[in-house]
Every structure is written in structure tokens, then in C-alpha cells.
Amino acid sequence: MASFTNFATLSYNGGTTNSNIVTGEILEALTAVKTAVSANYSAGDRITYALSLYHPDPRRYMVPGDMGLFAYPYIDFHPPYNVDQSCEPFPKFLFMYNAETGAHQTLGPFANRVRRIIRRTKSGDPVMLSDGLPKVYRVRSRELGLPVLPAVTCLGEDGTVRWSFSTEVSIGSFHAAPDGVITLFGRADDDSAAIIQIDGETGEMLRTRHFPPEEGMREMIYAEPIDALVCRSDASGELVVLDEALEEVRRMPDNGFSCVSEFHGNCLWNLYYSPPSIRFLDLSDGSVHSTPLEIPDFPTNVLPDGRILGVNGKQNRLTVFDQNGTMVSRCSVPGRLCFSFISSGEVFLAEMRGLDKYGWGCDELFDEASAHVWRLDPAPKK
């Protein structure tokens with residue numbers, strides 16, 4: 001989704017000054033569903049509700065290595081799995097669904113909060129990433145014999161644990177490489193940070209690198225164009241490039257970029273508001289250049305050929321800019337444009353209809369939802 005920057009302007013007594021520039025990312029558009037756990041209740045009863053958050057982008061649920069397989073974490077609020085008041089109510093199950101065959105399977109329950117499936121082993125076993133519990137829940141959970149630390153766990157076909165790797169740091173980001181190496185980035189309670197690499201086939205730790213609290217290391221991404229890991233240091237205002245052995249390759253000023261920025265070739269890119277433009281940071285040499293946009297918009301993707309895709313605030317209008325920022329086309333859709341993707345060299349846009357209201361909904365609302373995929377054809381050559 002779109003990255004954005006913002007700043008404040010303060011005017012006082014005839015003078016004007018701008019604040020520092022901050023960067024953020026619109027990760028997902030959420031819709032909430034609130035459902036009473038019990039079907040029967042009366043006035044004065046204490047009612048327990050299940051609150052579910054939905055978003056129309058299914059990519060985070062795709063199981064790597066199998067485009068048709070999805071893994072959805074969820075909570076079962078009904079006995080015997082209703083949430084103990086002493087433990088945190090986070091996803092305890094995984095619903096595995098094959099979109100091509102319709103086959104499905106439920107794995108769990110799991111003691112830790114389930115985040116997602118991050119890879120499959122050579123034998124096809126899913127490897128699951130789960131979060132640890134916040135401090136307020138840890139004492140009681142330990143008394144109950146429940147896991148409290150973040151973990152990477154390999155599951156068998158029936159959901160049994162084949163192996164598990166736990167760490168004291170709170171896992172923020174990860175990367176699962178094709179060769180099976182899983183890289184985890186996390187921060188500890190003392191504000192230090194660590195990058196840990198484990199063997200995705202066995203769970204064995206391969207190597208680790210620690211960053212002291214004064215380094216202020218906040219984020220990590222895998223930069224596929226340069227085959228390197230990139231971290232951002234708040235303390236120095238730098239991006240730190242690491243090789244596959246976690247050795248430092250180079251540092252460069254972050255220039256307002258963060259590790260949530262998107263990639264285009266060797267460059268990170270983000271949106272800059274004053275003036276409206278796309279900024280690019282070349283990770284190979286640290287150089288920065290900008291492409292001004294003809295009209296303001298929220299960029300969602302920079303295509304390999306340099307075209308820029310943008311949406312309006314309601315996500316129902318697409319604007320296509322050329323590599324120079326000039327608008328070349330614009331169109332509207334009835335629903336919301338959720339994301340774009342490239343397949344076999346062609347560009348596609350996913351639209352969701354029916355879930356057009358943010359906030360509360362009901363299960364029946366999702367029965368009326370529909371997904372539509374559009375192909376973006378190249379502009380005719382003049």
C-alpha cells in the first residue's frame with residue numbers, strides 16, 4: 001500500500017516554520033465485524049463479543065511456494081476454546097484453505113498468537129511465525145505452562161510440532177529466502193535489537209548479530225534488487241546495508257526514507273508532499289532523485305517500465321503517470337482498488353466490491369462481497 005510523508009507548519013507572530021518530516025505507510029484497509037458469542041441473551045446480561053478485523057488484500061495469507069494455498073489465523077471463542085481471562089485473546093488456530101480444490105483443514109489450538117505461515121519445507125510442512133505475549137500476560141501464562149516467547153514453528157500435516165525456535169526479542173520483520181534461511185529482526189525490552197538467522201528446515205540457529213540500544217535500530221527489510229538486508233538506525237539517521245552473513249556492507253543517510261518504503265529496481269521510493277513528487281533513493285550509491293507528479297495522488301506502485309500507479313483517498317479511482325510524472329490515464333471503479341500485482345509480465349489490479357463501508361459490519365455483508373481483477377494494458381504508442 002501507499003507510503004506517505006507528512007509535516008506540520010507552525011505560524012506565529014508573522015513567522016512560519018516547518019516541523020521535521022515523518023514517514024508512514026498505509027498498510028491495510030480494515031473492516032471490523034462485531035458478533036455476540038452467545039446467540040441468546042436478554043436485558044441486563046453481560047455479553048461477550050467477538051471482534052474480527054477483515055481486509056481485502058489476501059496476499060499476507062498466501063502460503064509461500066503454493067499460490068493456491070491460504071492460511072488464516074483465527075480465534076474460537078466457544079468452549080472449550082473460549083479465552084481465559086488471564087490470557088491474551090489472540091489467534092489460536094490456523095484455517096488452511098486450498099483455493100484451487102476447495103479442500104480445507106484447521107490446525108490448532110496453539111498457545112501463542114499466530115501471525116502467518118512464512119515458508120514450506122522441502123517436504124511440504126508449513127513453518128509458522130507466532131508472537132510472544134505482552135508482559136502483562138506472561139506471569140499467568142507461565143503458571144499455566146503456556147509459551148510466552150515469539151517462536152518459529154514447523155508443523156506436521158496434522159498440526160503437531162516438528163520443531164520450534166524461540167527468541168527473547170519481539171519479532172518485527174522477517175525474510176524467508178529460497179535456500180531455506182529464515183532471517184528474523186526484533187527488539188528486546190532494553191531497546192536493543194538483533195537479527196537472527198535460522199535454518200528453515202531444522203530450526204537450528206545459524207548466526208546472529210546484536211545492536212546496542214544506543215544504535216537505535218528500528219527496522220529491517222530484504223532488498224531483493226541488491227540481494228541484501230537493509231536496516232534503519234534512528235540514532236544516526238542512516239540506512240545500514242548487510243550481506244547474507246550479516247556483515248555490514250555500507251551505510252548511507254536515510255534522507256527521510258524508511259524500511260517500509262517500496263522498491264523500484266535498486267531504489268527505495270516514497271511519496272513527498274511538498275511539492276507532490278515521488279522520491280527515489282538508490283541503495284547502490286545513496287543518491288536521491290525526485291519525479292514530480294502532475295497532480296496529487298497516493299502512489300501504490302512503480303511499475304518496472306517506470307509508470308506510476310496512484311489512487312485517491314477513497315481508493316475508487318486509479319491514475320496512471322508516466323515515468324516523468326505526467327498523467328496519462330485515469331479511471332474509476334465501483335468498489336475499492338486494494339492492490340496491484342504483476343503476473344507473466346502483465347499488470348493486474350484487484351478491486352473489492354461490497355465492503356464499501358469502513359467500521360462495523362456483519363457476516364452477511366461478506367456474503368455480498370465480490371472481488372474483481374482488472375488488467376492494465378499499456379498505453380498505445382503515439
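The values are calculated or read from the model by the stated rules, or taken from the named source; none is laboratory data. Keep in mind that what you see is a predicted model, and the values were worked out from it rather than measured. Note that each Cβ is placed from the backbone with ideal geometry, even for glycine, and that neighbours are counted across all protein chains shown.
What about Glu244, is it surrounded by fewer than 20 Cβ atoms within 10 Å (Cβ to Cβ), modelled with pLDDT under 90, under 30 Å from Gly156 (Cβ atoms) and among the acidic types (Asp, Glu)? Yes, satisfied.
So Ser236 ticks every box in (1) in contact with a Cys (Cβ under 7 Å, 6 or more places away or on another chain); (2) under 23 Å from His210 (Cβ atoms) but one. Which box is left unticked? Exception for Ser236: condition (1). Within segment 190-216, the residues that satisfy the criterion of being under 23 Å from the mean Cα position of the chain (by Cα) and at pLDDT below 90 are Asp191, Gly216. Regarding Ile221, is this residue at pLDDT 95 or above and surrounded by 15 or more Cβ atoms within 10 Å (Cβ to Cβ)? Against the criterion (at pLDDT 95 or above and surrounded by 15 or more Cβ atoms within 10 Å (Cβ to Cβ)), Ile221 does not qualify.
Being among the hydrophobic types (A, V, I, L, M, F, W, C) and in a loop (DSSP other than H, G, I, E, B) is the requirement here; does Phe257 meet it?
Judged against the criteria, Phe257 is a match.
Note on segment 323-356: among residues that are in contact with a Cys (Cβ under 8 Å, 6 or more places away or on another chain) and in contact (Cβ under 8 Å) with a residue 40 or more places away in the chain, the one that is nearest to Ile278 (Cα to Cα) is Ala350. Taking segment 329-339 as the range and being among the small types (Gly, Ala, Ser) and under 11 Å from Val311 (Cα atoms) as the test, only Ser332 passes. Could you please let me know if Tyr358 is modelled with pLDDT under 80, among the aromatic types (Phe, Trp, Tyr) and part of a strand (DSSP E or B)? Considered against the rule, which asks whether it is modelled with pLDDT under 80, among the aromatic types (Phe, Trp, Tyr) and part of a strand (DSSP E or B), Tyr358 comes out as no. Mind listing just one residue for me: the one in segment 165-189 that is within 13 Å of Ala151 (Cα to Cα) and of a type in the set (A, V, I, L, M, F, W, C) and, of those, farthest from the chain's Cα centre (by Cα)? Across segment 165-189, the extreme among qualifying residues is Phe165.
Are any residues in segment 278-292 surrounded by 18 or more Cβ atoms within 10 Å (Cβ to Cβ) and either modelled with pLDDT under 90 or within 25 Å of the chain's Cα centre (by Cα) (or both), and if so, which ones? Ile278, Arg279, Phe280, Leu281, Leu283, listed by residue number.
Leu229 meets each of the listed conditions (1) over 25 Å from Pro296 (Cα atoms); (2) modelled with pLDDT under 90 apart from (2).
Can you tell which of Gly203, Gly186 is on the phi > 0 side of the Ramachandran plot and surrounded by 14 or more Cβ atoms within 10 Å (Cβ to Cβ)?
On the way: Gly186 fails: on the phi > 0 side of the Ramachandran plot.
Exactly one of Gly203, Gly186 is on the phi > 0 side of the Ramachandran plot and surrounded by 14 or more Cβ atoms within 10 Å (Cβ to Cβ), namely Gly203.
Applying the condition of being of a type in the set (Val, Ile, Thr) and either in a strand (DSSP E or B) or in contact with a Lys or Arg (Cβ under 8 Å, 6 or more places away or on another chain) (or both) to segment 316-329 and asking which residue is surrounded by the fewest Cβ atoms within 10 Å (Cβ to Cβ) yields Val328. Residue count for segment 290-315 satisfying the condition of being in contact with a strand residue (DSSP E or B) (Cβ under 6 Å, 6 or more places away or on another chain), under 20 Å from Ala371 (Cα atoms) and part of a loop (DSSP other than H, G, I, E, B): 1.
Of all residues in segment 262-277, those that are at pLDDT below 75 and in contact with a Phe, Trp or Tyr (Cβ under 6 Å, 6 or more places away or on another chain) total 0. Of everything in segment 102-134 that is crowded, with 19+ Cβ neighbours inside 10 Å and polar (S, T, N, Q), the residue that is modelled with the highest pLDDT is Ser130. Residues in segment 159-169 that are without any contact (Cβ under 8 Å) to a residue 24 or more places away in the chain and part of a loop (DSSP other than H, G, I, E, B): Thr160, Glu168.
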